[in-house]
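The values are calculated or read from the model by the stated rules, or taken from the named source; none is laboratory data. As the structure is a computational prediction, the values presented were derived from the model and not from experiment. Here the Cβ positions follow ideal geometry from the backbone for every residue, glycine too, while neighbour counts run over all protein chains shown. Only protein heavy atoms, including side chains, enter the accessible area calculation; ligands, DNA and RNA are left aside. Shrake-Rupley method; radii C 1.70, N 1.55, O 1.52, S 1.80 Å.
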Amino acid sequence: MEKYLIYDFNDDYGREPIIRKAKNGTLICIFLTGGTWEPQNKNVVKIMKSYDEGKSWTEPTVLFSHHSRGVWAPEMFLNDDKIILFVNTYNADNHFRELQTFYSISYDNGESFSEPKSIPGGLNGVSIRQGIILSNNECLFPLYWGEVIGDFDWTEESIKNYRSNHIYRCGVAITNDKEKTFQKYGYIKSEKGLWEPNCIEVEPGHIIMYMRNNNAPYLGISHSYDYGRTWTEFKQTDIPNANTKITLIKINDMLVMINNFIDNSDFDKRTHLQLFVSKDGINWTKKLKLEKDEDCFFYPHAFYDDNNKILYVVYENSKQFYLQKIPYEDLII
């Protein structure tokens, strides 16, 4: 395995790096920064690039900002000759209750991106996560959104009760026309709230969604057997939930999960970042420790390069971003 430091923020703040390789071989990393936390209205999206397979990176530059709202980009999707960034804005005064959803496209390997625009068809108010191309050639994107179930008015008291009165639900968006329009499916919910979903297609039409189960000890799971149109009710798994993002990747017949395999939701105790492999998407075998058990790293993101047989994994701790390149041979079970 090869490991590289992408960026060290020192006294600044950086979150949720998303990494992809453009068709010309350029590695692109986008992330949230600006301000001292999120959500803040000072949050912006910045971009960095590597032209030597991750060994060195350009200095971060602002890609998207807004004069009065925070900006965040949770997904970068490559398909055919374009790169799509899904972009959100929010008013930090009420956390994510006013989430707005946009997309931006690059046709020149990430050298330039279009101004973010609304997604045709009315898909809005959602966070779009890591997309997959299904066996029927449709593209599926897991997503989540917040539902206000109390505290209609935004007061100092309601801010304290934010998590109990603004609960996340999960579903998917599917496109079959080259990402021109999107159709929303699914309404997966739990008592505590489900968010940051990730999906893998285990076999044609059978998709498994794993979800962050808010402040619960284990991840949530749901199944679709009709290419994402309908979903089973939420169930709790026995996979530890550190109340953080997980990543799922399918490489040929290998299913890969990257997760903090520890039941501890404290921000500075998200440790045990590990990579597990499965054949069926249910039974997982530990393969790799990405960092020492005691080290705090989280929010993994990944993609694979089938030509070079390498899995690229990026992760962070709000101060440093790291990239690991893992050969397929290290994943075989």
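Whether a residue is within 30 Å of SER104 (Cα to Cα), buried (at least 22 other Cβ atoms within 10 Å of the Cβ) and free of Cβ contacts under 8 Å to residues at least 60 places away in the same chain was assessed, and GLY220 does not pass this test. Looking only at residues in the range 25-72 that are under 18 Å from ILE6 (Cα atoms) and small (Gly, Ala, Ser), the one that is most open to solvent (accessible area, probe 1.4 Å) is SER56.
In the range 69-80 there is at least one residue matching the filter, namely being assigned to a strand (DSSP E or B), modelled with pLDDT of 95 or more and more than 25 Å from CYS199 (Cα to Cα).
Screening the candidates ASP263, ASP238 for the property of being in a loop (DSSP other than H, G, I, E, B) and surrounded by fewer than 17 Cβ atoms within 10 Å (Cβ to Cβ) yields one hit, ASP263. Across the range 289-298, a minimum of one residue is classified as under 25 Å from ARG20 (Cβ atoms), modelled with pLDDT of 95 or more and surrounded by fewer than 17 Cβ atoms within 10 Å (Cβ to Cβ). Does GLU191 qualify as being touching a strand residue (DSSP E or B) at 6+ places or on another chain (Cβ under 9 Å), open to solvent by 60 Å² or more (accessible area, probe 1.4 Å), closer than 16 Å to ARG169 by Cα and modelled with pLDDT under 95? In short, yes. Pairing residues of the range 299-313 that are closer than 15 Å to ASN198 by Cα and in contact (Cβ under 8 Å) with a residue 12 or more places away in the chain with residues that are among the aromatic types (Phe, Trp, Tyr) and open to solvent by less than 10 Å² (accessible area, probe 1.4 Å), at Cβ distances under 8 Å and at least 6 apart in sequence or on separate chains, gives TYR299/TYR315; PRO300/TYR315; HIS301/TYR315; ALA302/TYR312; PHE303/TYR312.
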